[in-house]
Amino acid sequence: MADLTWFTPGTHITVRGLRKSFGGNPVYVGFDIDLPKGRIVSVFGPNGCGKSTFINMVAGLLPFDGGEILFEGKTIRETRIGYVFQNYREALFPWQRALDNIHYPLKLMGVPRAERNRRIEELVAGFDLKFDLHRYPYELSGGQQQTVSIMRSLVIEPEVLFLDEPFSALDYEMTLIMRDQLQKVLIARGTTAVLVSHDLEEAIYLADKLLLLTRRPSRIAEFLDIPLPRPRSPATLTDTEFVRIKAHALEVFQTAVRGS
Amino acid sequence: MELRPAKARLAQGHAERLGILGTGLHVDAAWRRWMLMSVGPLALFAIWYVAHEQAWVTQRLLPSPVRTLQSIWTNMTQGGMGEDFLRTLWRTLQSFGIAAVFGVPLGIVVGANAKIYRSIEFLVDFFRSTPATAMFPLFMILFGLGDFAKIAIAAFAAWLVILFNVAYGVMNARQTRILAARVMGASRLRIFRDVLFYECLPQTFVGLRTAVSLALVVIVVAEMFIGGDDGLGKRIIDSQITFDMPQLYGTILVSGVLGYGLNLVFLTLETRLVHWAGRS
């Protein structure tokens, strides 16, 4: 196997020979990919193709059978990551106020209180908050809870942020707002992000690169550049270039669904 | 399920403190709630009164409610009933305390370890289903006729309930929350302290509340049948032997007050301390 401590400049996450099967069913059989640094990568593919499996393995939440995943030559243990779960209701700590939820990862890192407050203030400034962080999570709406969840994952200034279908439990109106919020914050911070989405429109809208997967065992159907200018807005959704990319991605997707 | 209205009421009280509900309406609403709630008890006393007056049941077996309340008053002021009340309460709290001290930590350990849980699941279920009263003679032989035998047997019964509920709470902890803590870099110990402990609190409180009620039942029965010279159970059995019906009815009511009061205290603690239960 190639020496992964060497990595192409501009690459953040290097995946080589990744293997994983569930009960004898192979999901990944020797999967290779390079994910760029400081960019947003969306992962899209047919149902059950292992999108979430992929980011969970990369994020170190799920063991894999073989292969190697490195972050600029470092292992996951040496890398600071954030993870936003689909189910914000079950990911936040309801016994703590929203603000204390955001404090928590910093506390784990042993950051002193004054420094924690400073960092959180700075983080809050980047968000357009219309609610009180002194409330308990169950007193907030779904979108507000997921915002808290995203803030909690960003407050440690992660090198990589993973998002597993973060907006799929929200209504469309809230999804549009949240997408823009997330885009704004990620671009401002230059964080590498890996996003799983089951919504092609959202996957393209947020991404610099779109990873299209085939049915299992998953292979790369296509790894597309999304050269749309930033910041993107709801008007982007009707832009001819956006529409062209979406049509192409849909074609690749349909081939992937029919194929193998 | 007589607990339901009390719980709902407390939840509403909490909502009001949080400012979720307006304050203008709630005085009126509270008043109406109290009115409605007193309908049942008042009706019971009315029917009791008429049944006694009309001698639907022979008056020797059913004293009037007024005489019953009088007997509570005189027994409380000069008959040592207050003493008995406190003795029973104290025994119940002691056995509950022992049960909690041994039940909560053990429940956490059992719940966190699937193998341990599976190997003792049957035993816990079996002894939980065995009537505690069936073990009276055994405990009398083991611990004699003193206070400790009574406390030990109530503690045993309550302990199993707490153990079971805590273990269940730990086992049903939301996996996502544990994963979230792990991703943030929490050690196993921190996950235990910061996540699992809180995750199992709602179910723990259900266990504690059930346990204190059960401890009271066992203590009262133990006071009746395991020798001793005080406690509400002893007073009830004495009233039966001396055929003092007003005192018998009165002591039953006082035992009810004790049980209801304990429940209310635990419900209040629960809604204060586990404010997120059922809402997340």
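The values are calculated or read from the model by the stated rules, or taken from the named source; none is laboratory data. These numbers come from a predicted model, not from an experiment. Ideal geometry is used to build each Cβ from the backbone, glycine not excepted, and the neighbour counts take in all protein chains shown. What goes into the accessible areas is simple: the full protein's heavy atoms, side chains included, and nothing from ligands, DNA or RNA. Shrake-Rupley method; radii C 1.70, N 1.55, O 1.52, S 1.80 Å.
Work out which residues of segment B:136-182 lose at minimum 30 square angstrom of accessible surface when the other protein chains are put back, relative to the chain isolated, with a 1.4 angstrom probe, and list them by number.
Residues meeting the cut-off: B:Arg174, B:Thr176, B:Arg177, B:Leu179, B:Ala180, B:Arg182.
Counting other C-beta atoms within 10 Å, and keeping those with at most 10, which DSSP coil trypsin sites (Lys or Arg not before Pro) do you find in segment A:224-259? Present the calculation step by step, with values, prior to reporting the outcome.
Working: sites: A:Arg232, A:Arg244, A:Lys246, A:Arg258; in loops: A:Arg232.
For trypsin sites (Lys or Arg not before Pro) across segment A:224-259 that sit outside H, G, I, E and B with at most 10 neighbouring Cβ atoms in 10 Å, the list is empty.
Applying the Karplus parametrisation 6.51 cos²θ - 1.76 cosθ + 1.60 with θ = phi - 60° to the phi angles of segment A:176-181, what ³J(HN,Hα) value in whole Hz is obtained for each residue in order, glycine and proline being reported as x?
These are the phi-based 3J(HN,Hα) values: 4, 5, 5, 4, 5, 4 Hz.
Trypsin sites (Lys or Arg not before Pro), restricted to segment A:73-179: which are DSSP loop and have at most 11 other Cβ atoms within 10 Å?
Numbers: sites: A:Lys74, A:Arg77, A:Arg80, A:Arg89, A:Arg97, A:Lys107, A:Arg113, A:Arg116, A:Arg118, A:Arg119, A:Lys130, A:Arg135, A:Arg152, A:Arg179; in loops: A:Arg80, A:Arg97, A:Lys130, A:Arg135.
Of the trypsin sites (Lys or Arg not before Pro), the ones in loops of segment A:73-179 whose Cβ has at most 11 other Cβ atoms within 10 Å are A:Lys130.
If you build a Gaussian network model of chain B, linking Cα atoms that sit under 10 Å apart, which residue out of B:Glu270, B:Glu223, B:Glu83 swings the most?
Of B:Glu270, B:Glu223, B:Glu83, the Gaussian network model singles out B:Glu83 as fluctuating most.
What does the structure give for A:103-111 when I average, per residue, the other chain Cβ atoms found within 10 Å of the residue Cβ? All intermediate terms of the calculation are to be shown ahead of the outcome.
Working: counts 0, 7, 6, 1, 4, 7, 2, 0, 0.
That average works out to 3.
Whole-Hz ³J(HN,Hα) for each residue in segment B:152-166, computed from phi via Karplus 6.51 cos²θ - 1.76 cosθ + 1.60 with θ = phi - 60°, x for glycine and proline: what do you get?
4, 6, 5, 5, 4, 5, 5, 4, 4, 5, 5, 3, 4, 5, 5
Which FRET efficiency value, to the nearest 0.05, do you get for B:Leu145 and B:Leu62 by plugging their Cβ-Cβ distance into 1/(1 + (r/R0)^6) with R0 = 45 Å?
Details: r = 34 Å, r/R0 = 0.76.
The computed FRET efficiency comes out at 0.85.
Can you list residues from other chains, or at least 5 along the same chain, whose modelled amide H is less than 5 Å from the amide H of A:Lys37?
Sorted by chain and number, the residues that satisfy this are A:Thr11, A:His12.
May I ask you to derive the FRET efficiency for A:Arg230 and B:Leu273 from their Cβ-Cβ distance with R0 = 41 Å, giving the value to the nearest 0.05? Intermediate results must be reported in sequence, preceding the final value.
Numbers: r = 47 Å, r/R0 = 1.16.
Efficiency at R0 = 41 Å is approximately 0.30.
How much solvent-accessible surface does A:Glu122 expose, in Å² to the nearest 10, with a 1.4 Å probe and all protein chains in place?
Rounded to the nearest 10, the figure is 90 Å².
So how tilted is helix B:65-78 from the main axis of chain B? Cα-based, degrees 0 to 90, rounded to 10.
For helix B:65-78, the angle is close to 80 degrees.
Output the residues of segment B:242-280 meeting this criterion: accessible area (heavy atoms, 1.4 Å probe) in the chain alone minus accessible area with all protein chains in place is 10 Å² or greater.
Those are B:His275, B:Trp276, B:Arg279, B:Ser280, which lose 10 Å² or more relative to the chain on its own.
Between segment A:139-196 and segment A:117-132, how far is it from one alpha carbon centroid to the other, in angstrom?
So the two Cα centres are separated by 14 Å.
For the protein assembly as shown, what is the accessible area per residue in Å² when the probe is 1.4 Å? Intermediate results must be reported in sequence, preceding the final value.
Working: 26570 Å² over 540 residues.
Roughly 49 Å² per residue, with all protein chains present.
To the nearest hundred square angstrom, how large is the accessible surface buried between A and B, total for both chains, probe 1.4 angstrom?
So the total buried area for this chain pair works out to about 2100 Å².
For segment B:244-267 and segment B:92-116, what is the separation of their C-alpha centers, rounded to whole Å?
The two parts, judged by their Cα centres, are 28 Å apart.
If I model a spin label as a point 7 Å beyond the Cα along the Cα-Cβ vector, how far apart are those points for A:Arg244 and B:Ala51 in nm?
8.8
B:Asn172 to B:Leu69: FRET efficiency via 1/(1 + (r/R0)^6), r the Cβ-Cβ distance, R0 45 Å, to the nearest 0.05?
On the way: r = 46 Å, r/R0 = 1.02.
Working from the Cβ atoms, E equals 0.45.
Over segment B:63-273, what percent of the accessible surface lies on carbon and sulfur atoms, probe 1.4 Å? Numbers along the way, then the final one.
Details: 7000 of 10190 Å².
Carbon-and-sulfur percentage of accessible area, whole number: 69.
Could you identify which residue out of B:Ile116, B:Ile237, B:Ile153 has the top mean-square fluctuation in a GNM of chain B using Cα springs shorter than 10 Å?
B:Ile116
Would chain B count as rounded, prolate or oblate if I go by the C-alpha gyration tensor, calling it rounded below 1.5 in a/c and otherwise prolate when a/b exceeds b/c, oblate otherwise? Spell out each step's value before the answer.
Details: a/c = 2.89, a/b = 1.37, b/c = 2.10.
Judged from the Cα gyration tensor, chain B comes out oblate (a/c at least 1.5, b/c at or above a/b).
With each run of n ≥ 4 DSSP H residues scored as -39500 (n - 2.57), what mean residue ellipticity at 222 nm is computed for the protein assembly as shown after dividing by its residue count and rounding to the nearest 500 deg cm²/dmol? Before the final figure, lay out each step's value.
Details: 20 runs with 313 residues, N = 540.
Taking each H run of at least 4 residues, the total per residue is -19000 deg cm²/dmol.
Can you pull the percent of chain A's accessible area that's carbon plus sulfur, 1.4 Å probe, other chains left in place? Display every interim value, and only then the final one.
Values: 5740 of 11220 Å².
So the carbon and sulfur contribution to the accessible surface is 51 percent.
Report the label-to-label distance for B:Phe102 and A:Glu173 in nanometres (one decimal), using points 7 Å from each Cα along the Cα→Cβ vector.
Going from the B:Phe102 label point to the A:Glu173 one covers 5.8 nm.
I'd like the mean, over residues of A:93-101, of how many other protein chain beta carbons sit within 10 Å of each residue's own Cβ.
Numbers: counts 10, 11, 13, 3, 0, 0, 0, 0, 1.
Other-chain Cβ atoms within 10 Å of each residue's Cβ, averaged: 4.
Whole Å is fine, so just give me how far the alpha carbon centre of segment B:30-83 lies from that of segment B:183-206.
Value for the Cα centre distance between the two parts: 48 Å.
Label B:Ala134 and B:Ile252 with points 7 Å out from Cα along Cα→Cβ: what is the distance between them in nm?
The answer from the label model is 2.7 nm.
Given an 8 Å cut-off on Cα distances and at least 6 residues of separation, report the relative contact order of segment B:63-273 as a percent. Each step should come with its number before you reach the end.
Values: 253 pairs, mean separation 65.4, N = 211.
Computed value for segment B:63-273: 31 percent relative contact order.
Using each residue's phi in segment B:263-279, evaluate 6.51 cos²θ - 1.76 cosθ + 1.60 at θ = phi - 60° and report the 3J(HN,Hα) Karplus result to the nearest Hz, with x for Gly and Pro.
Each residue of segment B:263-279 in turn: 4, 5, 4, 5, 5, 5, 4, 4, 5, 6, 7, 10, 4, 8, 4, x, 10 Hz.
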